[in-house]
1. Can you tell me which residue among A:Leu131, A:Leu109 is surrounded by 20 or more Cβ atoms within 10 Å (Cβ to Cβ) and within 9 Å of chain B (Cβ to nearest Cβ)?
2. Can you say whether A:Thr172 is of a type outside the set (Gly, Ala, Ser), assigned by the TED database to the domain that holds A:Glu124 and surrounded by fewer than 22 Cβ atoms within 10 Å (Cβ to Cβ), as far as the supplied structure shows?
3. So which of A:Leu345, A:Leu365, A:Leu353 ends up being closer than 19 Å to A:Ile443 by Cα and of a type outside the set (Phe, Trp, Tyr)?
4. Looking for something facing chain A (nearest Cβ under 8 Å) and free of Cβ contacts under 8 Å to residues at least 40 places away in the same chain - is there at least one such residue anywhere in the stretch B:222-234?
5. Within the stretch A:64-74, identify whether any single residue is of a type outside the set (A, V, I, L, M, F, W, C), surrounded by fewer than 22 Cβ atoms within 10 Å (Cβ to Cβ) and at pLDDT below 95, and answer yes or no.
6. Would you say A:Leu409 is assigned to a helix (DSSP H, G or I), more than 24 Å from the chain's Cα centre (by Cα) and in the same structural domain as A:His294 (by the TED database)?
Amino acid sequence: MLKILIPTLFLLPTTWLTSSKWLWPTALTQSMLIALGSITWLNNTTDTGWTALNSYIGTDPLSTPLLVLSCWLLPLMLLASQNHLSSEPMNRQRMYITLLATLQLFLILAFGATEMIMFYVMFEATLIPTLLVITRWGNQTERLNAGTYFLFYTLAGSLPLLVALLMLQNNTGTLSLLIIPYAKPLLLMPFGSKIWWAACMIAFLVKMPLYGMHLWLPKAHVEAPVAGSMVLAAVLLKLGGYGMMRLMIVLDPLSKEMVYPFIVLALWGVIMTGSICLRQTDLKSLIAYSSVSHMGLVAGGILIQTPWGFTGALILMIAHGLASSALFCLANTNYERTHSRTMLLARGLQIALPLMTTWWFIASLANLALPPLPNLMGELMILTSLFNWSAWTLILTGIGTLITAAYSLYMFLMSQRGPLPQHMLALPPSYTREHLLMALHLIPLLLIILKPALLWGWFAC
Amino acid sequence: MNPFILSILLLSLGLGTTLTFASSHWLLAWMGLEISTLAIIPLMSQHHHPRAVEATTKYFITQAAAAALILFASTTNAWITGQWDINFDLHFFPASMLTMALALKMGLAPVHFWLPEVLQGLDLTTGLILSTWQKLAPFILMCQIMPVNSSLITFLGVTSTLVGGWGGLNQTQLRKILAYSSIAHLGWMILVMQFNQQLALLALIIYIPMTFSTFMIFKTNSSTTVNTLAASWAKTPALTAITPMILLSLGGLPPLSGFMPKWMILQELTKQDIPLTASIAALSALLSLYFYLRVSYAMTLTISPNNLNATTPWRLQTTASTLPLAISATISAMLLPLAPATLALLSL
């Protein structure tokens, strides 16, 4: 673990000590080497499942895919930000890379934590760099409101989580993820335990986000600069899913009744946010609501607490991370050229930027869960486990899949097909950097088709 | 001010607090409180500004009333229990009176009303002394009379965190913001004081560097309102970058040091089986966080418009010492990993 943590930590001196000519290549190379090194974590061959274990951090088949995703994302974020930051003074560019690197550090520590309070501290710690990236480097005045919504929605959920974790520690004597599955059964009280269950889950449900508590997400995703949007969509939402999966083991007997309203909200959210996507005029907002939709399905899969549900949730989290981040990068290529997020203003781009259309096509197909991409694998597993629980959910998930396909197609057709507007004549052609960025997003997604067992979590057998 | 007079006043201030710390007789403790009150009065009114004199008068009257109440309570206790020793438990009636008197001294809700107005009338340095040093003596007396009427203490604590949060929301004057911040933090300290005095002391010890850093940052920028702070990005860019960390630490966000007392206090309250109080206190910290966040928005996260001259001032090497601010800022932001060591040091 230190093989990855220490180079990530030393990304901070790197950004401040390299000369301005070599800043971006150096940061990119270092983070890319860290990302390639992190892929070795996917090799979980120990008997207990916990690898790279010491008193504080360790990896297991659940956290490894998410760790590799977050490590993989840092070079991609740097690639995406290089252009829009090039006009800023050097110190601000260094500050931005520092924020991204600190965020990376906290994410690795969060996913690798073996003790719940450490996970909690790192979970909260990721808020600060993200808040600074959104509110300082966002482009419109609404970014301040976005930052406030982001911070306060998450904190209002997670402060009760802290109290709930401390109550759990009081009860079982430990909060170590290695010991908790074997701890004595919980002392349950009729009403108080239900509040405690809700306190444990609400923090992660707000982070995921669950449909009723999702208002921060469109604001934060839209107002954030591209690296902020990427990391939010790809990794930070998954922190919620990961936390839920970890905590589900402890909450067991209570969950049978308590999950009902949340599964209902999650599935309804899939349809509602999907429908909103069909009416969006703002491209980033469309992708943000699509994230809510997919994560609603993930939430449903986790709350159902079956092996297929968990596996589907994990695969969908990783696949959605890559696909959503790719879509945000594509939206950013539009934004950098037109300085507008309105879809009407940047349409018919297949004529102007034909090579980018390939990436738009693949990313849209990934978003709508085309076989044999892992997105479909995740969705199908969650769909099946929900159907096993109750046949009626098929109506909701089926309509959800249909609407997802509809808005993904809408997004693709709106941005790529049709006539090119008359006012867009001087668009710079696609840079190699942008092609590299998209390739690095989508080629791993395609490679996962060959061995999805890497992402199956504990049930890879 | 004449340096001799200044040194007499500052040394008397130190004497008063030390006397209270060292005393085991209630009269001596009261005397220490009175000495520190009297010593800070000239410091407060040194600028002879009507607003400062108003603040001094308000401070004197409230502190004198509180001190008289302390005297009365300790005398009543001496009459009922027959002895003046601080170490012996108080009878419940003088104990409640004493708690309210010390609450008035420190500025806990619901007897907090003097603190924002007094702090607003003072210059930043004297305000710093009021917020940090003057809290020590009543705090230590409060620690020593525990445990006392539990519902009163919990009421004082929860009300203070709520009032500290809501009261600060409408402020644009930085000193009033810091006054409400002080009320909220003292509320947290009181909540845990009845169970574990070391954790209350930890909260105070973490609070003091954070407040010190904030006052020093405001002093460096010579700013007393949020709008003036907005111009600091041109004057002190490095300090502007650090200030959100200090402010968010005051708000209690991990991984900054301000999280440490909140975490420990929530843990203690949960162990004592009052998780509902813990949750209410935790959520009220969000109110305070909002106005800290607003200050950091105005200062760092937005670049306020400025005329061309003000954006490129010459930034000469400052003659003021920057070491205290550097040390306290580092402590305010980066002490959380050293939490076990800090806690171990406090249990001694």
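1. Only one candidate passes the filter, namely A:Leu131.
2. Here the answer is yes, as A:Thr172 does meet what is asked.
3. Residue meeting the stated conditions: A:Leu365.
4. The answer is no; no qualifying residue exists.
5. No, every residue in the stretch A:64-74 fails to be of a type outside the set (A, V, I, L, M, F, W, C), surrounded by fewer than 22 Cβ atoms within 10 Å (Cβ to Cβ) and at pLDDT below 95.
6. Numbers: assigned to a helix (DSSP H, G or I): yes; more than 24 Å from the chain's Cα centre (by Cα): no; in the same structural domain as A:His294 (by the TED database): yes.
Here the answer is no, as A:Leu409 does not meet what is asked.
Yes or no, residue by residue, for (1) in contact with a Pro (Cβ under 7 Å, 6 or more places away or on another chain); (2) buried (at least 17 other Cβ atoms within 10 Å of the Cβ):
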site: A:Trp16; (1), (2): no, no
site: A:Ser19; (1), (2): no, no
site: A:Ile34; (1), (2): yes, yes
site: A:Asn44; (1), (2): yes, yes
site: A:Thr48; (1), (2): no, no
site: A:Thr59; (1), (2): no, yes
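Table: residues versus (1) more than 21 Å from A:Ala233 (Cα to Cα); (2) in contact with a Leu (Cβ under 7 Å, 6 or more places away or on another chain); (3) in the same structural domain as A:Trp456 (by the TED database).
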position: A:Ile6; (1), (2), (3): yes, no, no
position: A:Leu23; (1), (2), (3): yes, no, no
position: A:Ser31; (1), (2), (3): no, yes, no
position: A:Pro65; (1), (2), (3): no, yes, no
position: A:Asn83; (1), (2), (3): no, no, no
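The values are calculated or read from the model by the stated rules, or taken from the named source; none is laboratory data. Just so we're clear, the structure is a prediction, and the values are computed from it rather than from any experiment. Counting neighbours? That spans all protein chains shown, and the Cβs are built from the backbone with ideal geometry, glycine included.
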